[in-house]
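*Asks:* Before anything else, here's the structure in question.
The values are calculated or read from the model by the stated rules, or taken from the named source; none is laboratory data. Not measured: the values here are computed from a predicted model. Please note: Cβ atoms are built from the backbone with ideal geometry, for glycine as well, and neighbour counts cover all protein chains shown. Heads up: the accessible areas ignore ligands, DNA and RNA and are worked out on the full protein's heavy atoms, side chains in. Shrake-Rupley method; radii C 1.70, N 1.55, O 1.52, S 1.80 Å.
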Amino acid sequence: MARMKFLCDDERCIECNACVTACKNEHEIPWGVNRRRVVTIDDGQPGEKSISVACMHCSDAPCAAVCPVDCFYTTDDGIVLHDKNLCIGCGYCLYACPFGAPQFPQDGLFGVRGKMDKCTFCAGGPEADNSPEEFEKYGRNRIAEGKLPLCAEMCSTKALLAGDGDIVAELFRERVIRREGANEGGRRQSGAPWGWNTAYRKS
Amino acid sequence: MHGTGKLLFAAAITLLAILFTDPLFAADADTWRQIRHGAEGYSAVQGRESGMLIQSTGQDWRLLRNGPIAVLGAWGLVLTLLALGGFFLLHGRIRLDAPRTGITVPRWSVYERILHWTTAILFLLLMCSGLLLLYGRETLLPLLGHGAFSSLAAAAKTAHNYSGPLFIVGLLLMLIAWLGDNIPTAVDRQWLKSLGGVTGDRHASAGRMNAGEKGWFWLLMLAGIAVSISGLILDFSNFGQPRSLLQISHVIHSVSALLLSAGALGHIYIGSIGTEGALEGMTTGRVDTTWAEQHHDLWYEQLGRREKKS
Amino acid sequence: MKLRKRQTAEAVPGSRHAATGQAIDRRTFLRNAGLAAGGAAVAASLPLTMMEKAAAETAGVGRQQVEKKLVRTVCTHCSVGCGIIAEVENGVWTGQEPAFDHPINLGAHCAKGASVREHGHGERRLKYPMRLVDGTWRRITWEQAIDAIGERLLALRKQSGPDSVYWLGSSKHNNEQAYLFRKFAAFWGSNNIDHQARICHSTTVAGVANTWGYGAMTNSFNDIHNARAILIIGGNPAEAHPVSMLHIFKAKERGAPLIVIDPRFTRTAAHADQHIALRPGTDVPLIWGMLWHIFENGWEDRDFIRQRVYGMEDIREEVARWTPERVEEVTGVPESQVHQAAKTMAENRPGTFIWCMGGTQHSTGSNNTRAYCIFQLALGNMGVAGGGTNIFRGHDNVQGATDLGPNAHTLPGYYGLSEGAWKHWAKVWDVDYQWLSQRFDQQRYANGSGTPKRTMNTSGIPVSRWIDGILEDADNIAQRDNLRAMVFWGHAPNSQTRAPEMKQAMEKLDLLVVIDPYPTVSAVLHERQNDTYLLPACTQFETHGSVTASNRSVQWRDQVIERLFESRPDHEILYLFARKFGFDDEMFKHIQVQNDRPVIEDITREFNRGAWTIGYTGQTPERLKKQQRNWHTFDTTTLQARGGPCDGEYFGLPWPCWGNAAMQHPGTPLLYDTGKPVAEGGLPFRARFGVQRDGVSLLADGSYTEGSDIRDGYPEFNAELLKQLGWWDELSAEEKRQAEGKNWKTDLSGGIQRVAIGHGCAPFGNAKARCVVWQFPDPVPVHREPIYSSRRDMVEKFPTYADRKSFYRLPTRFASIQNIDYNRDYPLTMTSGRLVEYEGGGAETRSNPWLAELQQEMFVEINPGDANDAGVRHGDMVWVEGPEGGRIKVQALVTERVSRGLVFMPFHFGGHYQGQDLRHRYPAGSAPYVLGESCNTVFTYGYDAVTAMQETKVSLCRLRKV
């Protein structure tokens, strides 16, 4: 069974934010909610690196572990989804998530946050695939259409990869080997993709 | 909680593994260490901590909340109930030593009673809704099903978030109203030595508040302050609080709330079925002189003197 | 959470487009239709087919089937030319799918490309024609607008001549509209027409074309795969052309070192193997410094230079003066770095040389671009896969608009403005030359050189200078009167310098017309009360036509949606004005007009008939459409189709695509590649500058294209040459009739080109590239300090040009400004550039909420040292003040990205003016989501000595804490 994962290659990410707007586009995400973002560390200094980050669909999802109403579920493809009908907007998933993935439409007084929203790996939610109800709550369900997340599909430099973890990792490994071959004695490449140990280490 | 021990163990192993065997960690040591420890970068996406790639404290919070807090909290509450039950079985109700005289004296003013009951009801609401959010998933959810439980939890969350600030007001008013009665005195040591007369053979003297009540008062005030401040931070998170602050607040909030809950169970027991004649003071405002003499002799004497003067 | 509920556009009662013209988003659409998207989706071929195709949910009971189609179109933002697949359901643009099989972008997009579907919402669009009445915007009908504007223009024409009206065109028009726009101005009778190429790559076009013939990107984005080294100077493709980075990374990961030369540590520099931070405006010294090492070490390609380069000896002389010490003194770059870069480029050949506006937007821009070319010539990097000068153009169709459209200095196809050029086009248009000539002002004006000429034959006022066309004393302008009316037709004025004077100029105008999908800053900068009109134009997704990417590939862009609101496509508006002016019959003689709308394909065919110079003749609508349908058959490195209906053709038939369509020329993927026959896309350098100079031959020496019958250099072809060569009789009788007395550029039969190519020869001849451009102010590129320089010592040594009395019709100042020492009061050097989220003046992109959310605040990048000097902290508001009095209030972004003494600002913001928010001046509902100060309010005077390019990459400023 495929185990879906995201991978961001920091050697290629140029912070063009295509992943961010592709997501907005595909799911009609309102202003202020960003299921995906690009972070640049050491901005403007040597060693500057950019990384695109969203829900990583962790193996042992912290959000699911702390949700008081158990609204998360993991699909057969390893995609972590949630049920907005159940979500009470408590924010615990936000506290727990290492990646800052959970988003809330509001940030009101008395803890009024609205229903949590996050990256669905373009896999919608519990409603019927691509029903208007599903679209309204979670955006488009590309997985049901046999497609992959649009952010990765539209990545300008193919830095962001999405799909079966084994295949994605293999693609990345080949790329690393090619780069190391190309730049002998040059910059050494890290062995595991960014964030994978946090997201996918089996417990 | 199921498999909590396993979870804690696994988490510890994971942390160790991440710290020591992560190939990434070895490769780009500096950068990745910074990231793992929540170093902030730039992000075009505006929002709270949008520049932080990984927040490491989330995992700590999760482990604390789902582990020690939930587990110890549950044990604490269960043990408190067991202890009270055992005490009741062992000692039964603390009866009046002498028959009632039929003469009552005023103990709690109307204001004090309204204040007590309002705050008490708010407290119970907060306690129940809080416990529901902490334990409901393991206990009620399997019974009610996801849909009904979610509705209940949503109501609980709303009730909790709105009653919390009111409870804080109650708490403050209580502080003002009863601070003077709750200053510890030498008498309290004696009272404590005999555990309020339960163990000692000598009668335990007490003023308007006995040492037990004072202990509850101060627990209520100190844990109450902790629960209030942390609660306000959580309830009004619209000031850009970082997640780490929310996590710490949540830990403080749950620990102090669990302490208060345990304390409250004791308070309710002693104030109702545990002690004959105690509840009527808080309901009618007056207590029988027998009760007053037995439990609060110094206060009763003082009351008598004051009456004579007037 | 409920996803945001969008308001459908307000219904426009009484509008004939009310039913079809509303913007409907996908959500509303789905709700209204009560049906599901997906299900029937056409399966896209995934690059990572790692999952089983999920069984598509079949439509539920009661759900009706929708008409769902996939439209192939091209991104309208930058010139990379990314393919887009638009999902359209019942006329609503509901989805955007990656075009994985598009040879240029392989499905990839940047932030802008990934959000083009927002055009289907168009909430902040200008929705109907508006007129300013006593300071208030009032809605009017199209008929009223055309009538009122037309009457005013005719009156001005009568009073002040046709040159009193300025037609400011656009690189956002498609080829057909751009071409029609140029033709329109010709029929109106003026060369006062221009577009954004003037202020983006005009110095490239001039410098490069004068070096080897054509002023365009020589290779392609995809060909960068073959590069063994990559040098980017004054370019930040990670933000300006993100998808090009896909190709750059491919080369880099194959081992090509990446060198980035930029004063600023850009996002691109962050990925470079070597970053060189030069002092802004010192490109020539740096390139000469690199060449110094190349000559010193004998790394130059001697055979290449001997065979194909003229004047390298003169360059050697100049370069010899640029010793490492001197280079360091002027550029600030130490010898070790210069040497390393030169060595990298010498040892890794072929290397590609990429530049952008960091090189072009200087008063010495034409020197810079030529220095870059000479560098590549010295290394023999031209005409080979992996080499070349890969000039990344800006707007989506800036290349096409430059080739065919609104230019002040030339007719379509770079024919120039000579009588011969006019006669050629009059013939193509099938109009009487005399009649056309009568449309122009008949007087002659001294224009600074040679004999006084009619304005028909002199370059018009360039877009960079229209302000002066209004404000300058009429007696000093080489035309009858001042500019009195401006028509901004797809132009952002905030991309131009000197906003305070611009505001004054706008207020002085008799008439101001803005034709654009968005109101733009032109609608709000001034405080006009009347005589100001806004006309809503369609975006390119509401029409169709061809578009030329930076690599000269011409693509066919299909229409995605029907026009929104009351907007009309540009070619329709042109027709309406032509009809109002009474020359519609002449202008549209061979272009069918249906329901007021000229047929796009007829326009394509018309320029196919006329643009022989640059081979825009083979790209017929039919061939382009066929390529678009088969874009998956093209190789992603060579861009050549392998098999299929387009077998052997290059993607987009990159110009020159010689001869007429019957010749089936495949296009020219790499310019000046002698390794291929001309018929298959090979070319030598163009013989454009004569056959000899001072007794030295300018023709190629022993170099010729594969399969050429002439195995040496040769001049450009004409009827005479064909006869001398004995090839004349290979023409048909009809061809002979048309070709008699003509040359390869003017023979409308295409016979001369056909015969020349039949013999393996390039129609434009076979010459050497020249390093010395004797017509330019600096025949050999030399260093000159920017007009506003922070280095007075350098100004002494490397002064700019003398002032000129008439340059592009206007007095132009150089030395008289540079001589004033502004540096004491304005100690910081100021430069500008792009952000990935926005494009150009930003009216369009700042109106797209998906983009605008990402950049909400105009900022200035300041080095921590300078920030401390000014007492400014990160996040503070700060006044940036320029030496000409402009000042802007912006947020300080303190960063080491810029070096000490340098500040940087993006140029996409607008809608604030010197601290004042102009939001209230926009027509209701049409202000962009994000407004901000335009950096060009502070940027200053200064123009390139060849093309009048504005100098926006170097000026001076100071900071003042708010």
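*Asks:* Does the range A:15-22 include one or more residues that are within 8 Å of chain C (Cβ to nearest Cβ), over 13 Å from B:SER43 (Cα atoms) and surrounded by fewer than 24 Cβ atoms within 10 Å (Cβ to Cβ)?
*Replies:* There is no residue in the range A:15-22 that is within 8 Å of chain C (Cβ to nearest Cβ), over 13 Å from B:SER43 (Cα atoms) and surrounded by fewer than 24 Cβ atoms within 10 Å (Cβ to Cβ).
*Asks:* Moving on to the next point. Collect the residues in the range B:104-130 that are in contact with a helix residue (DSSP H, G or I) (Cβ under 7 Å, 6 or more places away or on another chain) and either among the aromatic types (Phe, Trp, Tyr) or within 19 Å of B:ALA257 (Cα to Cα) (or both), keeping them in residue-number order.
*Replies:* B:TRP108, B:HIS116, B:THR118, B:THR119, B:LEU122, B:PHE123, B:LEU125, B:LEU126, B:MET127, B:SER129, B:GLY130, listed by residue number.
*Asks:* Condition test on A:LEU81, is it among the hydrophobic types (A, V, I, L, M, F, W, C) and free of Cβ contacts under 8 Å to residues at least 12 places away in the same chain?
*Replies:* no
*Asks:* Applying the selection to the range A:112-134, what residues are touching a residue at least 24 places away in the same chain (Cβ under 8 Å) and either at the interface with chain C (Cβ under 7 Å from one of its Cβ atoms) or over 20 Å from C:GLY95 (Cβ atoms) (or both)?
*Replies:* A:ARG113, A:GLY114, A:LYS115, A:MET116, A:ASP117, A:LYS118, A:PRO126 - these are the residues of the range A:112-134 that are touching a residue at least 24 places away in the same chain (Cβ under 8 Å) and either at the interface with chain C (Cβ under 7 Å from one of its Cβ atoms) or over 20 Å from C:GLY95 (Cβ atoms) (or both).
*Asks:* Also: I'd like to check something: does the range B:133-145 contain any residue that is over 30 Å from A:CYS71 (Cβ atoms) and of a type outside the set (Val, Ile, Thr)?
*Replies:* So far as the range B:133-145 goes, no, none of its residues is over 30 Å from A:CYS71 (Cβ atoms) and of a type outside the set (Val, Ile, Thr).
*Asks:* Okay, next question. Quick one: A:CYS93 ticks every box in (1) touching a Leu at 6+ places or on another chain (Cβ under 9 Å); (2) away from chain C (no Cβ under 12 Å); (3) not in a loop (DSSP other than H, G, I, E, B) except a single one, so which number is it?
*Replies:* (1)
*Asks:* Check whether at least one residue in the range C:453-461 is more than 26 Å from C:PHE814 (Cα to Cα), out of contact with any Asp or Glu (no Cβ under 9 Å at 6 or more places or on another chain) and either surrounded by fewer than 22 Cβ atoms within 10 Å (Cβ to Cβ) or small (Gly, Ala, Ser) (or both), and report yes or no.
*Replies:* no
*Asks:* Determine which member of the set C:GLY490, C:GLY450 is at pLDDT below 95 and either more than 22 Å from C:ALA155 (Cα to Cα) or of a type in the set (A, V, I, L, M) (or both).
*Replies:* Only one candidate qualifies: C:GLY450.
*Asks:* Against the conditions (1) closer than 22 Å to A:CYS63 by Cβ; (2) in contact with a Leu (Cβ under 8 Å, 6 or more places away or on another chain), where does B:ARG137 fall short? Just the number, please.
*Replies:* The number of the failed condition is (2).
*Asks:* Give A:LYS158, A:LYS84 a once-over and let me know the one that is within 7 Å of another protein chain (Cβ to nearest Cβ), open to solvent by less than 10 Å² (accessible area, probe 1.4 Å) and in a loop (DSSP other than H, G, I, E, B).
*Replies:* Selected residue: A:LYS84, the only one of A:LYS158, A:LYS84 that is within 7 Å of another protein chain (Cβ to nearest Cβ), open to solvent by less than 10 Å² (accessible area, probe 1.4 Å) and in a loop (DSSP other than H, G, I, E, B).
*Asks:* May I ask you to list the residues in the range B:40-92 that are under 30 Å from C:GLY875 (Cα atoms), among the β-branched types (Val, Ile, Thr) and open to solvent by 30 Å² or more (accessible area, probe 1.4 Å)?
*Replies:* Within the range B:40-92, B:THR57 is the sole residue that qualifies.
*Asks:* Pick from C:ALA111, C:ALA86, C:ALA59: which is in a loop (DSSP other than H, G, I, E, B) and at pLDDT 95 or above?
*Replies:* After ruling out the rest, the residue left standing is C:ALA111.
*Asks:* Restricting to the range C:634-651, what's the tally of residues that are closer than 18 Å to C:SER244 by Cα and either part of a loop (DSSP other than H, G, I, E, B) or open to solvent by 30 Å² or more (accessible area, probe 1.4 Å) (or both)?
*Replies:* 6
*Asks:* To continue, here is another question. Over 30 Å from C:GLY901 (Cβ atoms), under 19 Å from the mean Cα position of the chain (by Cα) and surrounded by fewer than 20 Cβ atoms within 10 Å (Cβ to Cβ): is that true of C:GLY405 in this structure?
*Replies:* Spelling it out, it is not the case that C:GLY405 is over 30 Å from C:GLY901 (Cβ atoms), under 19 Å from the mean Cα position of the chain (by Cα) and surrounded by fewer than 20 Cβ atoms within 10 Å (Cβ to Cβ).
*Asks:* Looking at (1) at pLDDT below 95; (2) assigned to a helix (DSSP H, G or I); (3) more than 14 Å from chain B (Cβ to nearest Cβ), which is the one condition that is false for A:ALA152?
*Replies:* (1)
*Asks:* Related question: Picking from C:GLU884, C:GLU896, which residue would you name as being under 24 Å from C:ILE261 (Cβ atoms), open to solvent by 20 Å² or more (accessible area, probe 1.4 Å) and not in a strand (DSSP E or B)?
*Replies:* It is C:GLU896.
*Asks:* Also: Can you find even one residue in the range C:116-128 that is over 30 Å from A:ARG140 (Cβ atoms) and open to solvent by 10 Å² or more (accessible area, probe 1.4 Å)?
*Replies:* yes
*Asks:* A further question on this structure: In this structure, does B:ILE273 turn out to be assigned by TED's automatic domain parsing to the domain that holds B:ARG65 and under 30 Å from A:GLY100 (Cα atoms)?
*Replies:* no
*Asks:* Taking into account only those residues within the range C:817-857 that are among the small types (Gly, Ala, Ser) and within 14 Å of chain A (Cβ to nearest Cβ), which is nearest to A:HIS27 (Cα to Cα)?
*Replies:* Filtering first and then ranking leaves C:ALA852.
*Asks:* Now for a separate question. Return the only residue of C:TYR929, C:TYR922 being surrounded by fewer than 21 Cβ atoms within 10 Å (Cβ to Cβ) and in contact (Cβ under 8 Å) with a residue 60 or more places away in the chain.
*Replies:* Step by step, each of C:TYR929, C:TYR922 is checked, and only C:TYR929 is surrounded by fewer than 21 Cβ atoms within 10 Å (Cβ to Cβ) and in contact (Cβ under 8 Å) with a residue 60 or more places away in the chain.
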